[in-house]
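**Q** Pasting a structure below so you can have a look.
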Amino acid sequence: MAKRKRKKSTNSVFLTYLAWILAVIAISLGALVGGYYIGYEDATSDINKQVKIDKKKRLTMLKQIEEASSKKEKKSVNTRLKYVLKKESKVNKGAAAHEYGDAILPKQAPPKRLKRDVRKVLSKPKLAIIIDDVSVRSHVNAIKSLGIPLTMSFLPPSKFHPNSAKLAAKENFYMVHLPMEAQNFNAEEPMTLRISDSDAKISQRIQEIKKAFPKVAYINNHTGSKFTSNEIAMNRLIYALKAQNINFIDSRTTAQTKAPKVMKNFGLNYVARDVFLDHAMDKASIIIQIKRAIKIAKLHGTAIAIGHPHVNTLLALNESKKLFKDVELVYINRLY
């Protein structure tokens, strides 16, 4: 009996040890598995945080690159426009904003625009901006660098700007800025049309213009207060232009213009500028005029503004791009 009891006791101790060993192994495996999952979750969290940090860094870097590029582009435009001013002063000393060429006339306001009926605009208002006196490559380059549709009106070739027609030939669309006799002007262009010119002389001049600028469909007057206020002279001009399928746009350098009457007699619509952008040539004044042109376009559905390739005019246009969101900037051939 004693021997049997000792054997049972030994078996019991063995089983107890085995149970403890298995428990220790189970606890160890549980700890390993739990630690793995806890470590995995921590590592995943760390990775996600790092991804977010890297993404934020990339976005910040892209924004900095974009801002630097924008500043570089603006600096490039400003540099080019300053080059225009420098080039303009050397090449085109006789160029004028309008025909206010002496010491008295600049004090006067430009002739008022023709009154127009206010109308309900169903589509987005259209604004055409004509840049007069374009005559050298630096003008063209600076105007095109703005990246907005501006209608370039080229002066006919002369000894001061012999390549104007060649420059125009490279453009898809342009106008001609035709010199006409002024009441009082001290920087007249060669071959300016005069009220004393005959039918034949005016017709010949328009034929020469058409030959030099084969794609021309619109002209506006450079100076011309004396010419456009003379009904006989205007009859001769409109007759010659109509024969060449060229439309006349009145720059309205005088309130006494006879263009409305003459155009009506020919069965043509009278089209004229609404605003001079740079009669006062400081940038702040030009921006005020740009806003005025936009307001007129909203009132009437369309508007025409005239400016010149002066550095302040082009800078003002460049800085006013946000203002143009309320209108559609178009070339003059899309206006009427």
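Every number in this text was worked out from the coordinates using simple rules, so none of it is lab data. Values in this document were obtained by computation on a predicted structure and should not be read as measured data. Glycine gets a Cβ as well: all are built from the backbone with ideal geometry, and neighbour counts include every protein chain shown.
**Q** Hey, quick one: spin label on residue 285, modelled 7 Å out along Cα-Cβ, who in segment 219-260 has an amide N within reach, i.e. under 18 Å?
**A** Within reach of a label on residue 285, which here means backbone N under 18 Å from a point 7 Å along Cα→Cβ, segment 219-260 contributes 253-254.
**Q** Could you please report the charge total around residue 177, scoring K, R as +1 and D, E as -1 over all other residues with beta-carbon less than 10 angstrom from its beta-carbon?
**A** -3
**Q** Report, in listed order, any pair from 258/298; 124/264; 166/264 with a Cα-Cα distance greater than 32 Å.
**A** Long pairs (Cα-Cα over 32 Å): 166/264.
**Q** Hey, how many Å between the Cα centroid of segment 133-189 and the Cα centroid of segment 191-262?
**A** Spelled out, the Cα-based centre of one part sits 17 Å from the other.
**Q** Which whole number in µm²/s is D for segment 183-336 by Stokes-Einstein, with the Kirkwood Rh taken over Cα pairs at 10 °C and 1.306 mPa s?
**A** Here the translational diffusion coefficient equals 94 µm²/s.
**Q** Quick one: length gained pulling residue 21 to residue 232 fully straight, 0.36 nm per residue minus the C-alpha distance?
**A** Result: 63.6 nm gained on full extension.
**Q** By how many nm would the segment from residue 171 to residue 199 grow when fully extended, if each residue of separation counts as 0.36 nm and the alpha-carbon distance is taken off?
**A** Fully extending the segment from residue 171 to residue 199 adds 7.0 nm.
**Q** What number comes out for the charge environment of residue 287, summing +1 per Lys or Arg and -1 per Asp or Glu over other residues with Cβ under 12 Å away?
**A** +2
**Q** Further, regarding this structure: Please list 3J(HN,Hα) in residue order for segment 145-156, calculated via the Karplus relation 6.51 cos²θ - 1.76 cosθ + 1.60 where θ = phi - 60°; whole Hz, with x for glycine and proline.
**A** Computed from phi, the couplings for segment 145-156 are 5, 6, x, 10, x, 10, 7, 7, 10, 8, 6, x Hz.
**Q** Kindly state, to the nearest 0.05, the FRET efficiency for residue 334 paired with residue 256, given R0 = 45 Å and r defined as their beta-carbon distance.
**A** FRET efficiency, residue 334 to residue 256: 0.90.
**Q** Same structure again: Could you give the length gained by full extension between residue 124 and residue 183, i.e. 0.36 nm per residue of separation minus their alpha carbon distance, to one decimal place?
**A** 17.4 nm
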